[in-house]
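Some notes on the structure that comes next.
Computed from the coordinates by the stated procedures, all read-outs in this text should not be read as laboratory data. The shown structure was predicted, so the numbers you read here are calculated from the model rather than taken from an experiment. Glycine gets a Cβ as well: all are built from the backbone with ideal geometry, and neighbour counts include every protein chain shown.
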Amino acid sequence: MIRLKRLIVFGSSLLLVGALLFGIISGQLAQAASESQSYNSNTELTIGTVVSTDSPGGNNLELAKLDNEALMVGVVTNTEDSLIDIQPNGSNITIAKTGEVLIIVTDATGDIKSGDNLVISSLSGVATKDTADSKAKKYIAIASESFDANTSDTHTVNVTYADGSTKDVHVGSINAKMNLVDRPPNKNTQDQNFIVALISRLIGKPVNKAKLIAATVVVVTTLLITGVMLQGSIRGSFIALGRNPLSKPLILSNLFRVIAISILILEVGIAVGYIILVA
């Protein structure tokens with residue numbers, strides 16, 4: 001019973017630490033949910049357009065494309081759509097860097113489904129679904145909605161490719177969650193990893209191996225702790241019942257209390273693992 005009490009104290013401590021970690025990280029994520037910054041542009045830019053600066057550290061914008069995606073800064077948005085808005089003197093265009101945005105997309109690489117990674121397309125300033133043969137080096141956002149030829153308010157555009165071939169594609173707008181990060185160079189290998197692909201789709205953003213390993217360690221450790229607590233409590237309860245059957249109500253009460261604590265610890269462990277993946 002002493003060992004069981006120690007496990008309960010340890011589990012309760014894990015619960016407290018996990019809850020604190022959950023609150024701190026959640027607050028940081030919420031704070032960064034809608035950050036934007038303002039820039040200048042000599043041409044009119046449509047809301048939802050993906051843009052890059054014209055030079056490293058520059059403040060003037062141009063439509064993003066494969067040639068300048070290294071200087072990509074975000075998506076054109078409304079100032080009132082952002083909780084945090086940084087506006088340098090003389091700026092006139094607000095660019096969303098994080099949070100939920102309206103983004104212009106095309107089905108040039110296939111129909112877009114919710115949870116798909118978006119990269120820059122062959123159309124300047126327009127995003128498209130990421131594929132294994134994409135030459136893009138940056139992710140732009142995660143699609144929050146699906147998009148295909150039947151989506152409302154779509155337009156048909158004829159695209160001419162480098163090899164001279166042409167294709168009619170559809171262009172429109174969807175909501176997406178900004179995720180402006182480097183695209184892994186080993187994309188083909190990642191696509192073949194069913195677990196990584198499944199988790200990425202479930203949480204709505206790409207998952208690297210380091211985060212996946214850390215989250216797995218947290219969840220597995222939590223499972224081990226709760227398993228040991230339950231096994232020790234159940235075993236101790238049977239022994240106590242054999243020695244003193246008259247104390248059955250008290251023994252069962254203690255058993256249910258340990259089960260409740262174990263469930264709470266398990267829930268916190270899963271929540272912390274999820275936060276590690278999405279942070």
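Could you please state, rounded to a whole Å, how far the C-alpha centre of segment 99-130 is from the C-alpha centre of segment 216-253? A separation of 52 Å, based on Cα centres.
Place a point 7 Å from Cα of Ser165 in the direction of its Cβ. Which residues in segment 92-109 have their backbone N less than 20 Å from it? Residues passing the 20 Å test: 106-109. In terms of other Cβ atoms within 10 Å, Asp148, Asp116, Asp67 run from fewest to most in the order Asp67, Asp148, Asp116. For segment 33-185, the antiparallel share of DSSP beta bridges with both residues in that region comes to about 85%. Stretched out straight at 0.36 nm per residue, the stretch from Ala260 to Glu145 would grow longer than its current Cα-Cα span by 37.6 nm. Taking 0.36 nm per residue of sequence separation and removing the Cα-Cα distance, the Ile239/Asn42 pair yields an extension gain of 62.9 nm. Ordering 119-129, 262-272 by mean Cβ neighbour count within 10 Å, with the highest value first, yields 119-129, 262-272. Close Lys pairs in segment 33-185 (alpha-carbon distance under 14 Å; sequence gap of 8 or more, or different chains): 10.
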